[in-house]
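The values are calculated or read from the model by the stated rules, or taken from the named source; none is laboratory data. Treat the numbers as computed from the prediction; the structure is a model and nothing was measured. Cβ: placed from backbone, ideal geometry, glycine included. Neighbour counts: every protein chain shown.
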Amino acid sequence: MTSHPSTSSYLLKGARLPLWLTPKNATNLVDIALVNGKLEKIESASANDLGLPVWDLQGALTLPLMVDAHTHLDKTLTKSRMGSITPGLLGAIQAMMADRAHWTPEDVYQRAHQALTWSYEAGVQHLRTHCDWWEPNAQPIAWQVLRELATAWKDKISIERVSLIPLHLYADAAQAKSLAKQVAASGPGALLGGFVHTSNWDLQALKNLFAAAQAEGLNVDLHMDEELNPAAQGLLRTTEIMREIDFEGHVVCGHTCALSAQDNTLALQTLDEVAKVNMALVTLPLTNLLLQDAVTGKTPTKRGLTLVQEARARSIPVMVASDNVQDPFCTFGSYDPLEALSTGALAAQLPQVFDDATQSICRTDWLTGHASQAPFQMGSAANFMVFEQANLWGFPSQTHKRLVIRNGMPA
Ligand SMILES: [Zn+2]
């Protein structure tokens with residue numbers, strides 16, 4: 001591999017893109033022309049008719065910059081100051097509530113800023129964060145801090161914010177409307193969110209959430225069935241509500257762990273319904289492996305992952321994301337989506353990790369539902385990563401060392 005030509009107009013030669021990104025009828029290695037930091041042309045064996053300087057990758061694996069589809073910047077990096085925590089999801093929620101009482105805008109800003117710095121260094125260009133919201137009539141301080149950070153970081157990472165509101169706050173239709181209005185009024189990149197679990201199940205509240213989102217033109221992102229209780233029905237009911245009201249927005253459901261615990265026929269029927277609506281799933285392998293089937297002194301035997309392969313077989317977009325990083329929910333993590341993909345690829349035994357599963361960390365269009373955000377559109381910024389040491393069969397091993405290129409230049 002030769003070295004970067006120190007200009008933002010050049011011919012990137014011999015890049016090995018994943019097959020999902022390789023143009024039809026092209027060879028495995030492609031040449032990509034960049035002009036002024038923008039993608040101009042992808043072809044097999046370019047004649048370099050523009051006479052550009054050449055950066056020869058000699059077959060190095062190359063990916064678009066990444067999307068981290070599900071994070072919690074408000075809670076992140078709090079683990080170090082906490083005492084012992086009861087294992088499992090509900091224990092983590094209790095520990096978080098106790099810590100939250102001490103949050104200040106400066107504390108949230110510093111922790112979230114650190115997280116974004118790691119994310120940027122890893123090669124992320126789009127990040128969606130959830131933010132706990134527990135008062136019907138007051139925005140949490142973190143929501144406002146995250147709005148400020150989204151503005152401050154807009155040239156580096158595009159940041160979306162989801163209001164993570166307990167389902168019972170939507171039980172009253174007027175209150176549901178008021179919450180959606182506050183979220184919609186809080187600026188661009190805001191989505192309506194909620195936590196849907198058998199411990200708080202309320203069909204009417206979920207209907208109110210969707211009606212309120214529809215009225216405000218908001219997209220929805222839910223923490224859905226994050227449990228191994230086969231009775232969890234949030235995902236199936238969500239598809240029914242979307243069809244009932246002809247929901248116009250895009251919906252993302254994170255976790256959906258319960259599918260893995262349900263009767264397989266029923267779970268597959270639910271996925272058939274998901275495939276008919278405008279929905280993407282997000283799997284969070286690190287957090288699920290750590291929080292599901294978590295009992296002190298017992299080795300877990302259930303993985304808690306959603307049915308990734310079955311969903312993909314139905315062409316349902318499935319993202320893989322970081323989720324909680326170094327907080328009471330998950331003590332691990334580094335805001336590198338490749339770390340989440342590595343864990344997810346092992347836990348879900350995904351085939352063709354580079355050539356197929358990398359879509360789960362690069363397809364911003366899958367997360368937002370906007371086709372215009374698909375990676376590597378000609379005329380868009382040349383944002384990509386080159387892996388000098390990784391290989392096709394071991395990917396994503398040896399991806400720690402990577403060259404992150406933004407607007408054609410090393411970042
Ligand atoms: Zn989450």
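Of the numbered conditions (1) under 20 Å from Trp118 (Cβ atoms); (2) crowded, with 17+ Cβ neighbours inside 10 Å; (3) not aromatic (Phe, Trp, Tyr), Thr331 fails exactly one; give the number of that condition.
All conditions are met except number (2).
One line per residue, one yes/no per condition, for (1) modelled with pLDDT under 95; (2) in contact with a Leu (Cβ under 7 Å, 6 or more places away or on another chain):
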| residue | (1), (2) |
| --- | --- |
| Glu339 | no, no |
| Ala357 | no, yes |
| Ser360 | no, yes |
| Leu367 | no, no |
| Pro396 | no, yes |
| His400 | yes, no |
| Ile405 | no, no |
| Gly408 | no, yes |
| Ala411 | yes, no |
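Spot the failing condition for Asn208; the list is (1) buried (at least 21 other Cβ atoms within 10 Å of the Cβ); (2) in contact with a strand residue (DSSP E or B) (Cβ under 9 Å, 6 or more places away or on another chain), and only one is missed.
Condition not satisfied by Asn208: (2).
Among the strands (runs of 3 or more DSSP E) confined wholly to the stretch 35-107, which include 3 or more residues that are over 25 Å from the mean Cα position of the chain (by Cα) and more than 16 Å from the ligand (Cβ to nearest atom)?
38-43, 54-56
If you take the residues of the stretch 177-192 that are in a helix (DSSP H, G or I) and not small (Gly, Ala, Ser), which of them is surrounded by the most Cβ atoms within 10 Å (Cβ to Cβ)?
Filtering first and then ranking leaves Leu179.
Checking the conditions here, which among Ala174, Ala213 is in a helix (DSSP H, G or I), surrounded by 19 or more Cβ atoms within 10 Å (Cβ to Cβ) and more than 16 Å from the ligand (Cβ to nearest atom)?
Ala213
Return yes or no: is Trp20 surrounded by 20 or more Cβ atoms within 10 Å (Cβ to Cβ), away from the ligand (no atom under 16 Å from the Cβ) and touching a residue at least 24 places away in the same chain (Cβ under 8 Å)?
Judged against the criteria, Trp20 is not a match.
Hey, could you check the stretch 150-171 for residues that are more than 16 Å from the ligand (Cβ to nearest atom) and over 20 Å from Ala411 (Cα atoms) and say which is surrounded by the most Cβ atoms within 10 Å (Cβ to Cβ)?
Only one residue tops the list, namely Tyr170.
Only residues that are within 13 Å of the ligand (Cβ to nearest atom) and touching a His at 6+ places or on another chain (Cβ under 7 Å): list them for the stretch 244-287, please.
Passing the criteria: Gly254, His255, Val282, Leu284.
Which condition number in (1) away from the ligand (no atom under 16 Å from the Cβ); (2) surrounded by 24 or more Cβ atoms within 10 Å (Cβ to Cβ) is the one that Ile316 fails?
(2)
When residues of the stretch 108-139 are filtered for being of a type in the set (Asp, Glu) and buried (at least 18 other Cβ atoms within 10 Å of the Cβ), how many remain?
Adding up the residues that qualify gives 1.
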